[in-house]
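Everything on this sheet refers to the single structure shown next.
Since every read-out is calculated from the coordinates, none of them should be taken as a lab result. Here the structure is a predicted model, which means the values were calculated and not measured. Neighbour counts are summed over all protein chains in view; Cβ atoms, including those assigned to glycine, are modelled from backbone coordinates with ideal geometry.
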Amino acid sequence: MKLENSVIIITGASSGIGEATALKLAKHGAKVVLTARREDRLEKLKKKIEDEGGKALVVTGDVTKKEDFETIVSKTLETFDTINVIINNAGLMPLSYVEKLKTDEWNTMIDVNIKGVLNGVSAVLPTLIKNKGGHIVNISSTAAYQYFPGGAVYCATKAAVKMFSEGLRKELAPKYGINVTSIEPGAVSTELTETITDQDILDKFSDMMNMTTLESEDIAEAILYALTQPARVNINDIHVLPSEQQ
Ligand code: NDP
């Protein structure tokens, strides 16, 4: 697929992997739709993209709200006429041991990490089907393959995203030419750990992160690779780990 002038919605674009991906794809000529809840961050990113000659639209929204996605899609169509790609990247990782029963945090992770992806897919799918093509990229994690301390619920949400992506690909790629990719990063240096409230995990985590982690740019590069293959090529999964991660 050629990125030049393709219209790409990126959720969780206000920081980390989403922000780096928006910058990279805009540099390659894509019109990027930046969405998340923090408007100031998104506006700053839009300005940076436009200063570099790119095109961007900001639509704030919460991925857990279907009505917010309706607005994201309608404003995208109004501004850029179509949608070619969605990158379902928004996510949270408030790790905790199950016995702490932080059930509100479990529910938030299920709402954002799983339902947020389902909401994104359901919002754009009618347009992709009408276009008979496109690409859905879901950000899963190496957590889909392995448990790490305090990750019982988080890992479950990322395994759900990976398996949902596989089902989507089987249903959509042969019938409509809509490719689907699950991206599975290991530790990336971002703000993701800032939602952790369990002190036992925070203590452990600083040891775990005592290695050279990936940069958001590394994951943006993997997404760029998946998106720029010929339409006949579906990159199902990309599992990227820091060299030092076990
Ligand atoms: P960040 O915390 O930097 O980014 C998370 C993004 O998600 C933010 O832009 C945030 O924006 C957005 N977000 C959170 N909740 C919502 C919501 N309810 N509605 C809309 N947007 C929301 O972390 P990363 O860049 O690391 O995370 C991006 C993805 O990568 C996540 O899905 C994460 O699970 C995954 N991942 C990250 C890894 C890592 O080591 N960092 C490893 C493997 C996977 P805002 O607060 O403005 O709404």
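Tabulated data for the structure shown
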quantity	calculated
Sum of -39500 (n - 2.57) over DSSP H runs of 4+, divided by residues of the chain (222 nm, nearest 500)	-14500 deg cm²/dmol
Nearest-20 debye value, the chain charge dipole, Cβ charges on Lys, Arg, Asp, Glu	1080
Selected from Ile86, Ile110, Ile183 as most flexible by GNM, with the chain as the system and alpha-carbon contacts under 10 Å	Ile110
For segment 202-229 versus segment 26-77, the gap between their alpha-carbon centres in whole angstrom	22
Fewest-first ranking of Ser243, Ser96, Ser141, Ser14, using other Cβ atoms within 10 Å as the exposure measure	Ser243, Ser96, Ser14, Ser141
Given charges at beta-carbon only (K, R positive; D, E negative), |dipole| of segment 1-141 in Debye	340
Long-range amide H partners of Val180 with built H, under 5 Å	Ile136
Residue (of Thr181, Leu192, Leu241) at the positive-pole extreme of the chain, dipole from beta-carbon charges	Thr181
Listed residue (Leu125, Thr103, Asn89) projecting farthest to the positive dipole end of segment 75-141, Cβ model	Leu125
Within a Gaussian network of the chain (alpha carbon springs, distance under 10 Å), most fluctuating of Asn88, Asn131, Asn210	Asn210
Segment Leu241-Glu99, extension gain: residue separation times 0.36 nm, minus the distance between their alpha carbons	48.2 nm
Violating pairs (Cα-Cα greater than 32 angstrom) within the set Lys55/Lys204; Lys47/Lys175; Lys75/Lys132; Lys24/Lys102; Lys27/Lys132; Lys55/Lys162	Lys55/Lys204; Lys47/Lys175; Lys24/Lys102
Stokes-Einstein D (µm²/s) once Rh is taken as the Kirkwood radius of segment 49-140 over alpha-carbon pairs, at 10 °C in 1.306 mPa s	107
Within the chain, longest stretch free of exposed chymotrypsin sites (Phe, Trp or Tyr not before Pro) [DSSP loop, at most 16 other beta carbons within 10 Å]	148-246
Coil-residue GluC sites (Glu not before Pro) of segment 173-242, DSSP, other Cβ within 10 Å capped at 14	Glu191
Most mobile of Ser140, Ser15, Ser206 in a GNM of the chain (Cα contacts under 10 Å)	Ser206
Candidates per trypsin sites (Lys or Arg not before Pro) in segment 164-246, loop by DSSP, up to 14 other Cβ within 10 Å	Arg232
